Amino acid sequence: MKAIFDFTGSEKRLLVFTERLSELVLSGCSLQKSLYVMGKMRFRDIRLNRTAFFLHKTLLAGTKFSIAMSLAPDIKLPEWYAAFISVSEECGRLGPVLLYLKKLLEHKRSADEKFYTFIIYPVLVVLFVMLGGLLSVFYFLPSFAGLFGTDYENIKSAALKSFLYADIFLLFSFSFLIYMMKKIVSPGPCVNVFRTIAFLSGNSVPVFQSLSCAFSFSERNKKLTLALLEIKNRLLEGEKVADCFGQCLSDAGFKNEGLLLSENLSLGEETGKTDAFERTASHLEAVTVRNEKIFFSVLQPALLLLSAVYITLILKTAFLPFITNSGGLF
């Protein structure tokens, strides 16, 4: 639950700060005046006031807003957030960028809450199954002590080893299940990149400059980062956006994403539409939602099967062999 508790701290603070600042800037206030007003607001979290005053003083000293944000002591700034602020200074569109950042933070919050809500049921199932195994070894098995006589301690030791191996199997299977859940629930690595380019292009930022901001969403995927670098180089050489995006993404292993984007970009060139990146991201998100529904439809049967295998391992390797006096797992 670390992510939930973390969101109640620095991430929640960043969301509230972004929300209030976007409201003031979009209402027509200058950035410096907006920060001064925020410093005078009555926030429950006093660190928001300190942050606003710090940024206000730093801007008065001539520091760029993006640098001042990275220096703020009470706010942990994600790399993608800082990249958007830098782009907003270049294009002069701070208000819309802040509003978009607010939506991104809210989406991240919703995704985290969704994942940890889904994970509660599997965690409870695994905990109760492990508790049942523990109670059976320490409380149920001793009730048969009279049947084993002097060999009871050896039998109990072997049963504990069997219980340990069964737990290792359960934890490994559960970790794999959670890994698959996280992979399916999380959007693909290309979605945020396409959304970023779509938003910035809609605010008069060229695709080439938008790529610099999109890099912040590919930091954990080396293949995607290399693909974006190649796209940037090909754009510098004068290649068409549709050609270089599709080819580079396909070569990097994102064949479906590259083909779909290339088709949408080519269609956009023919029809004059400029929403190719947005439509591609929406389609990829729809696929994610569909896969998510399929996964969670089989989650409960998978957990029941996992529990059944775990209980069978304990019974077969720790109890039945000794009760029938035929030896155990070791």
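The values are calculated or read from the model by the stated rules, or taken from the named source; none is laboratory data. All figures in this text were calculated on a predicted structure; none of them were measured in a lab. Every residue, glycine among them, receives a Cβ derived from its backbone with ideal geometry; neighbour counts consider all protein chains shown. Remember, those area values only see protein heavy atoms, side chains included, never the ligands or the DNA or RNA. Shrake-Rupley method; radii C 1.70, N 1.55, O 1.52, S 1.80 Å.
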Given the options Ala52, Ser218, Ser250, identify the residue whose Cα lies farthest towards the positive end of the charge dipole of the chain (+1 on Cβ of Lys, Arg; -1 on Cβ of Asp, Glu). Ala52
At 1.4 Å probe size, put Leu131, Leu98 in order of accessible surface, largest to smallest. Leu131, Leu98
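Assuming R0 = 51 Å, what is the FRET efficiency of Lys64 and Thr312, from their Cβ-Cβ distance, to the nearest 0.05?
0.20
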How far is it, in nm, from the label point at Lys12 to the one at Ala82 when both lie 7 Å from their Cα along the line to the Cβ? 2.5
Where in the chain is the longest stretch that carries no trypsin sites (Lys or Arg not before Pro) classed as loop by DSSP and with at most 15 other Cβ atoms within 10 Å? 77-219
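Express the C-alpha Rg of region 31-129 as a ratio against the empirical globular expectation 2.2 N^0.38 Å, rounded to two decimals.
Scaled against compact globular proteins, the figure is 1.42.
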Which residue, Thr225, Thr280, Thr312, has the most motion in a Gaussian network model of the chain that connects Cα atoms within less than 10 Å? Thr312
For Arg109 paired with Ser30, estimate the spin-label separation in nm (one decimal), with each label point 7 Å from Cα along the Cα-to-Cβ line. 3.1
For the chain, what size does the Cα cloud have along each of its three principal axes, sorted from largest down, in whole Å? 84, 52, 28
